[in-house]
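Nothing in this text is a laboratory measurement; each read-out follows from the coordinates by a stated rule. This one's a predicted model, so the numbers in the text were calculated from it and none came from an experiment. Positions of Cβ are generated from backbone atoms using ideal geometry, with glycine treated the same way; all protein chains shown enter the neighbour counts.
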Protein chains: 2
Amino acid sequence: MPRFSVSIHIVPRKGLLDPQGKAVADALHALGFATVADARIGRHIVLEVDGESAEAARAQATAMCDKLLANPVTEDYEIAAVAGG
Amino acid sequence: MPRFSVSIHIVPRKGLLDPQGKAVADALHALGFATVADARIGRHIVLEVDGESAEAARAQATAMCDKLLANPVTEDYEIAAVAGG
């Protein structure tokens, strides 16, 4: 079966506090980067998935996000790209 | 000044151990996702940056990665997208 590289973005849901992003924005300001208005920090996951097609690999990755990778209460996820095959 | 949304991917450098990715791959296997060959986990950062142009915002984000956001010893970063303005 061909192998696909699936990129996933998992980010804190909009409207929820993102203390890590707040800390990074404050640190950037302290370093003199005054142009930063906001920072939000999530996870970037790259999975190597074997599948019949790019669509199958994407469906597998979506199931993995639902079951393990993303917290459905506090996070949103997006399959950013499916490459290879 | 217009505001740009800059997406950054920071990933463990290729060839370095990624224990978090290994743990996720093992957990996915335990859940029955046998098609996953590998998982690598990095950070997805979205910055809201004020700048004269998209190029200026990208240059600012690159400087931030060099100075604070990425560990130059163990991580690679990539400015994935600059949107808005």
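Assorted remarks:
- Between 0 and 90°, nearest 10: helix A:54-64 axis offset from chain A longest Cα axis: 60
- Selected from B:Ala56, B:Ala34, B:Ala23 as most flexible by GNM, with chain B as the system and alpha-carbon contacts under 10 Å: B:Ala34
- When chain B is treated as a GNM with alpha-carbon contacts under 10 Å, the residue of B:Leu16, B:Leu47, B:Leu69 showing the greatest mean-square fluctuation is B:Leu16.
- Under the Debye formula (equal points on every Cα, no solvent term), log10 I(q)/I(0) of the protein assembly as shown at q = 0.15 Å⁻¹: -0.86
- Sparse-neighbourhood loop sites, trypsin sites (Lys or Arg not before Pro) in chain A - DSSP loop, at most 16 other Cβ within 10 angstrom: A:Arg13, A:Lys14
- With Cα atoms, 0 to 90° folded angle of helix A:19-30 axis to chain A main axis: 50
- Straight-distance crosslink candidates among aspartates and glutamates, where the alpha carbon sits under 13 Å from B:Lys14 and sequence neighbours closer than 8 are dropped: B:Asp38, B:Glu75, B:Asp76
- Span per principal axis, largest first, for the Cα atoms of chain A (Å): 50, 26, 13
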